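Participant: What follows is a structure written as structure tokens; I'll ask about it next.
The values are calculated or read from the model by the stated rules, or taken from the named source; none is laboratory data. Since the model is a prediction, treat every value here as computed from it, not as a measurement. A quick note on method: Cβ atoms are made from the backbone with ideal geometry, for glycine too, and the neighbour counts reach across all protein chains shown. SASA here: full protein model, heavy atoms, side chains in, ligands and nucleic acids out. Shrake-Rupley method; radii C 1.70, N 1.55, O 1.52, S 1.80 Å.
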Amino acid sequence: EPHFCMEATGVYYEALANYLVDEKYKVSVVNPAQIAAFSGSALSRVKTDKTDAKLIARFCQAMQPPLFTPLPANIRQLQALVRRLESLKD
């Protein structure tokens, strides 16, 4: 069974993480600082999307981070409305 792991970067991960959980996949969302610390221990020096993806996969396999639990749908909808209101104000 696949275990998806991604960094918590702003709100960009949320839609994918929520979708995958809704589809009954195992998903972990981790702090980018954890990946960076793991990267230092893995002596990774080259930073590309491909190497980042491999590093996150190795982190997930080695560290078995906790599974992501999405917020309830009504809370997510309220957050989206607040974000939209803030962007309109700006």
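Participant: Give the angle, between 0 and 90 degrees and rounded to the nearest 10, that separates the Cα long axis of helix 49-63 from the longest principal axis of the Cα atoms of the chain.
Facilitator: Between helix and principal axis, roughly 80 degrees.
Participant: Using θ = phi - 60° and the Karplus relation 6.51 cos²θ - 1.76 cosθ + 1.60, list the HN-Hα couplings for the stretch 30-38 in order, rounded to whole Hz, with x at every Gly or Pro.
Facilitator: 10, 5, x, 5, 5, 5, 4, 5, 5
Participant: Just check the chain against the gyration tensor rule for me: Cα atoms, a ≥ b ≥ c as the square roots of the eigenvalues, rounded for a/c under 1.5, and otherwise prolate or oblate depending on whether a/b exceeds b/c.
Facilitator: Values: a/c = 2.86, a/b = 1.60, b/c = 1.79.
Oblate is the answer for the chain, as a/c is 1.5 or above yet b/c matches or exceeds a/b.
Participant: Another question, if that's okay. Using alpha carbons only, how many degrees (0 to 90, rounded to 10) separate the axis of helix 73-89 from the longest principal axis of the chain?
Facilitator: Value to nearest ten degrees: 80.
Participant: Also, quick follow-up: Please list, ordered by chain and number, the residues whose modelled amide H lies under 5 Å from the amide H of K26; skip anything fewer than 5 residues away on the same chain.
Facilitator: F4
Participant: How far apart, in nm, are two points set 7 Å out from the Cα along the Cα-to-Cβ line at Y13 and at Q34?
Facilitator: Using points 7 Å along Cα→Cβ, the separation is 0.8 nm.
Participant: Also, quick follow-up: Assuming 0.36 nm per residue, please report the length gained on full extension of the stretch D49 to S87 beyond their Cα-Cα distance.
Facilitator: On the way: separation 38, 0.36 × 38 = 13.68 nm, distance 2.90 nm.
Separation in residues times 0.36 nm, less the Cα-Cα distance, equals 10.8 nm.
Participant: So, one more: At a 1.4 Å probe radius, carbon and sulfur cover how many percent of the accessible area of the chain? Can you show the working numbers first?
Facilitator: Values: 3930 of 6740 Å².
Using a 1.4 Å probe with all protein chains present, the chain comes out at 58 percent carbon and sulfur.
Participant: How big is the stretch 1-42 by the Kirkwood estimate over distinct Cα pairs, in Å?
Facilitator: On the way: mean 1/r = 0.0906 Å⁻¹.
Kirkwood hydrodynamic radius for the stretch 1-42: 11.0 Å.
Participant: I'd like the Karplus ³J(HN,Hα) series for the stretch 10-26: coefficients 6.51, -1.76, 1.60, θ = phi - 60°, whole numbers in Hz, and an x wherever there's a Gly or Pro.
Facilitator: x, 9, 5, 7, 4, 4, 5, 4, 5, 4, 4, 5, 4, 8, 6, 8, 6
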